[in-house]
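**Q** Handing you a structure now.
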Amino acid sequence: MNAPAERAAALRALLQHHAHQYYVLDAPQIPDAEYDRLFRELQALEEADPTLRTPDSPTQRVGGAVLDGLQPVRHALPMLSIRTETDTTAEGARAFDARVRRELGLAEEAPPVAYNAELKFDGLAINLRYEHGVLVQATTRGDGETGEDVTQNVRTIGQIPLRLRGEAPPLIEIRGEAYMRRDDFERLNERQREKGGKTFVNPRNTAAGAIRQLDPAGMADKKLSFFAYGLGDQRGWAQPATHSGTLDAIAAFGVPVSSDRRVVQGAEGLVAFHQEIAARRDALPFDIDGVVYKVDAIALQQQLGFVTREPRWAVAHKYPAQEQLTRLNDIEVQVGRTGKLTPVAKLEPVFVGGTTVSNATLHNLFELRRKGVRVGDTVIVRRAGDVIPEVVGRIEQPRPSYVPNFRMPRACPVCGSPVQREKGGIDHRCSGGLFCAAQRKQALLHFAGRRAMDIEGLGDKLVEQLVDGGIVRTLPELYKLGVAKLSALERMADKSAANLLAALEQSKQTTLPRFLYALGIRHVGEATAKDLAAHFGSLDRVMDATEAQLLEVRDVGPVVAQSIHTFFAQPHHREVVEQLRAAGIRWDEHDGAAAAAPKPLAGLTVVLTGTLPTLSREAAKELLEAAGAKVAGSVSKKTSYVVAGVEAGSKLDKARELGVPVLDEQGLHDLLATGPGAGGAA
Ligand code: IVH
């Protein structure tokens, strides 16, 4: 055999192995980007020499395989895939538009083609079959011709209506993506970590694995979501003449449709959408791997037709992959604000999810051990959204036997204090408290953070110098800094010293929730800080609360109550608080939340119900409260608005009964943007 033939055979075997891991076992061992690279290498070899193209080559097959155990179901209409535009720059969008225009035979001066631009969700494609409005079957895509019956598992997804709203046709199949939100994924892994259990690699595989498992009980701890993006078979329905209109109609049936979609004109409209979504990708609550452009007019779609399994009227325009392979060069231990020791992977720099990553978390010793990573390994790095990059696994490969297993140090690498682990606990901690420079630095950074005291200019480098130089040992000492001390620091010009002092001065006017959060009490995040402020109304009352009183606060459980109580029971913490107050830190005791911000919705009471397409309930609540609205739990005559998402139940009925205006997510955004009275009620 010659070299290309050998390489092609090796690639076929490798790709077959990984395709099986991916499609059948839902347990990929390499990132998608790596699979794609191998796939393209084989494609190139086969193109150069077509005799290398064997019938069993992975390039000759689209899609997955049917898992033993789930019932195969032949699709009434095949589930197609979309061609992928590999050029991730704006040119990719222009090339698609040029192709569409050519195939439609449009003259250069003909007006731009209208496209519906939408997100490419990263989950599992599902076909939902509704007969007379009732969900009768849910299937996976499988190989496109035959999928698997996953009705039982899909029924547990709260966002998917078991019955369509309104006038449903005799038959309609709605197609879309089942996926897991990033916050739901993080929460799941957080729970697994607390239990010392196995963590999941990424939201996509977790969602796919959950839906394709044989026992529906395994769905219970996995909250999945769904977005519709198209149709399958249908009978007796007057489908709108455009794809965008079809999506509107699907949304009216009560099936979630992402609001991040837009009808745009021509190539430049596509480019603008691609760029806009790229900028917002990290802020979305779920993973996307690109955007999808579809010719909006159904008549034009029919005119364009298909090439093999792919429509000519649609294309997926990708973004940089969120998982990549790289070498693990070293493992260091970092000490956090609460003394927690985190093993951090020092990586060969790699471009992931749009940025270059050279550090990634390994979370804790147990997780590191379970993943089995050692220095020198090729590891999979994931960076998605604003979650810190993490090492999610390693590539199975031989390694020299002398590479030692990682051990947690017995003494804090920063201050030398003994390292402890709570009995039965997962985390190792430095016992040095604020004696430990690392904990001091982190405490200062947290205190100065944007969502805490918001001290602009007090970043990593400066805190490092302040702590290492012994200039600032406690939080209150920050407010004793003067120009002289600051200007003596390396790289600190008089002007930046003056700016920092101004920022410190400005930070003194704050809010009670921000101040409580800034103190860095274990388990007290922003939400808890707000709840505490709202419940007690004053700092003194929080400080003097008993554990029993703390337990009365919404969402505060025994662990949090104890943590708050222990914090304020320590005299030196009380002293820090007193010194900060003496330094001039102040807030309006009766108006803890966002005292200085304008409150366009003050006086309004809003009730949230159902699941909104993109905002979590917490996020919607925060936005409303920040704008001054009160968020209530039940609908009454005093309710100003009800914001309703999918699966909104009795609250929505009550709102209709009482004539309370009902908003969808877009309506909520409009309300926040323009205030009440500007219309927007649906
Ligand atoms: S349309 C005829 N739209 O990407 C076109 N697909 O290869 C059929 N996907 O398996 C698909 N987001 O699971 C379409 N907005 C979107 C999508 C989307 C994600 C997935 C889908 C499909 C694959 C296409």
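**Q** Kirkwood Rh and Cα-based Rg: tell me the resulting Rg over Rh for the range 520-661, rounded to two decimals.
**A** Working: Rg = 18.2 Å, Rh = 17.2 Å.
That ratio is 1.05, to two decimals.
**Q** Tally the DSSP beta bridges in the chain and give the antiparallel ones as a percent, rounded to 5. Show your work: numbers first, answer last.
**A** Working: 74 of 88 bridges.
Antiparallel: roughly 85 percent of the beta bridges in the chain.
**Q** If contacts are Cα pairs under 8 angstrom and at least 6 residues apart, what is the relative contact order of the chain in percent? Before the final figure, lay out the partial values.
**A** On the way: 1220 pairs, mean separation 65.7, N = 682.
RCO, the chain: 10 percent.
**Q** Using a basic spin-label model with each label point 7 Å from the Cα along Cα→Cβ, how many nm lie between Arg656 and Asp215?
**A** With each label point 7 Å from Cα toward Cβ, the separation is 4.0 nm.
**Q** Okay, next question. Separation between the Thr674 and Phe366 pseudo-spin-labels, each 7 Å from Cα along Cα→Cβ, expressed in nm?
**A** Inter-label distance under the simple model: 5.3 nm.
**Q** Mind grabbing the accessible area of Cys430 for me, 1.4 Å probe, Å², rounded to tens?
**A** Counting only protein heavy atoms, the figure is 10 Å².
**Q** Multiplying the sequence separation of Arg235 and Glu552 by 0.36 nm and subtracting their Cα-Cα distance, what value in nm do you get?
**A** Working: separation 317, 0.36 × 317 = 114.12 nm, distance 5.52 nm.
Full-extension gain reported as 108.6 nm.
**Q** Using only the alpha carbons of the chain, determine the length spanned along each of the three principal axes and report them from longest to shortest in whole angstroms.
**A** 76, 73, 55
**Q** Moving on. Using DSSP to define loop residues, name the GluC sites (Glu not before Pro) in the range 499-569 whose beta-carbon has at most 15 other beta-carbon atoms within 10 Å. Display every interim value, and only then the final one.
**A** On the way: sites: Glu505, Glu526, Glu547, Glu552; in loops: Glu552.
Filter output for the range 499-569: Glu552.
**Q** Now for a different question. Hey, could you pull the Cα Rg and Dmax for the range 444-509, both in Å?
**A** Cα only, the range 444-509: 10.7, 29 Å (Rg, Dmax).
**Q** In nanometres, what is the gap between the two model label sites at Leu501 and Ala534, each 7 Å from Cα along Cα-to-Cβ?
**A** 4.0
**Q** Okay, moving on. Compute the whole-percent fraction of alpha carbon pairs in the range 232-372 spaced more than 25 Å apart. Mind dumping the intermediate values first?
**A** Working: 5104 of 9870 pairs.
Result: 52 percent of Cα pairs exceed 25 Å.
**Q** Report, in listed order, any pair from Lys461/Lys495; Lys371/Lys441; Lys371/Lys461; Lys198/Lys530 with a Cα-Cα distance greater than 23 Å.
**A** Numbers: Lys461/Lys495 17 Å; Lys371/Lys441 30 Å; Lys371/Lys461 33 Å; Lys198/Lys530 33 Å.
Checking Cα-Cα distances, Lys371/Lys441; Lys371/Lys461; Lys198/Lys530 exceed 23 Å.
**Q** Shifting gears a bit: In whole percent, and with a 1.4 Å probe on the protein chains, what portion of the accessible area of the chain is carbon and sulfur? Display every interim value, and only then the final one.
**A** Values: 16630 of 31950 Å².
C and S atoms contribute 52 percent here.
**Q** Sticking with this structure for a sec: Measure of size requested: the Rg and Dmax of the range 225-267, with Cα atoms as the atom set and Å as the unit; please supply both.
**A** 11.3, 35
**Q** Using a Debye calculation, one point per C-alpha and no hydration shell, please list log10 I(q)/I(0) for the range 303-345 at q = 0.15, 0.21, 0.28 Å⁻¹ in order.
**A** Treating every Cα as an identical point scatterer, log10 I(q)/I(0) equals -0.64, -0.86, -0.95.
**Q** Explain nothing, just the number: relative contact order of the range 328-471, from Cα pairs under 8 Å at least 6 residues apart, as a whole percent. List each step's numbers first, then the result.
**A** Working: 243 pairs, mean separation 30.3, N = 144.
Taking the mean separation of contacting Cα pairs over the length of the range 328-471, I get 21 percent.
**Q** So what's the angle, to the nearest 10 degrees on a 0 to 90 scale, between helix 571-582 and the longest Cα principal axis of the chain?
**A** 90
**Q** Tell me, in nm to one decimal, what length is gained between Arg7 and Gln562 on full extension, where the rule is 0.36 nm per residue of separation less the Cα-Cα distance?
**A** Numbers: separation 555, 0.36 × 555 = 199.80 nm, distance 6.20 nm.
Going from the current span to full extension adds 193.6 nm.
**Q** Write out the chymotrypsin sites (Phe, Trp or Tyr not before Pro) in the range 191-285 meeting two conditions: DSSP loop, and at most 16 other Cβ atoms within 10 Å of their Cβ. Don't skip to the end; give the middle numbers.
**A** Working: sites: Phe200, Phe226, Phe227, Tyr229, Trp237, Phe253, Phe273; in loops: Phe200, Trp237, Phe253.
Listed in order of number, the matching sites are Trp237.
**Q** While we're looking at this one, here's another question. What percent does the relative contact order of the range 437-567 come to when contacts are Cα pairs within less than 8 Å and at least six residues apart?
**A** Numbers: 124 pairs, mean separation 29.5, N = 131.
Value for the range 437-567: 23 percent.
**Q** Expressed in nm to one decimal, what extension gain is obtained for the pair Thr89 and Glu526 from 0.36 nm per residue of sequence separation less their Cα-Cα distance? If you can, show how the numbers build up before the last one.
**A** Working: separation 437, 0.36 × 437 = 157.32 nm, distance 3.81 nm.
The Thr89-Glu526 span can extend by a further 153.5 nm.
**Q** Okay, moving on. Express the accessible area of the chain per residue in Å², computed with a 1.4 Å probe while the remaining protein chains stay in the model.
**A** Working: 31950 Å² over 682 residues.
With all protein chains present, the chain gives 47 Å² per residue.
**Q** Oh, and also: At 1.306 mPa s and 10 °C, plugging the Kirkwood radius over alpha-carbon pairs of the range 116-241 into Stokes-Einstein gives what diffusion coefficient in µm²/s? Write out the running numbers ahead of the final one.
**A** On the way: Rh = 15.5 Å.
Once the numbers are plugged in, D ends up at 103 µm²/s.
**Q** Output the antiparallel fraction of DSSP beta bridges having both residues in the range 599-682, as a percent to the nearest 5.
**A** Here the share of antiparallel DSSP bridges comes out near 10 percent.
**Q** Per DSSP H run of at least 4 residues, take -39500 (n - 2.57); add these up for the chain, divide by its residues and hand me the 222 nm value, nearest 500 deg cm²/dmol.
**A** Numbers: 23 runs with 237 residues, N = 682.
After summing the helix terms and dividing by the residues of the chain, the value is -10500 deg cm²/dmol.
The values are calculated or read from the model by the stated rules, or taken from the named source; none is laboratory data. Remember, predicted model here, so these are calculated numbers, not experimental data. A quick note on method: Cβ atoms are made from the backbone with ideal geometry, for glycine too, and the neighbour counts reach across all protein chains shown. Just the protein is used for accessible areas: all its heavy atoms, side chains included, with ligands, DNA and RNA removed. Shrake-Rupley method; radii C 1.70, N 1.55, O 1.52, S 1.80 Å.
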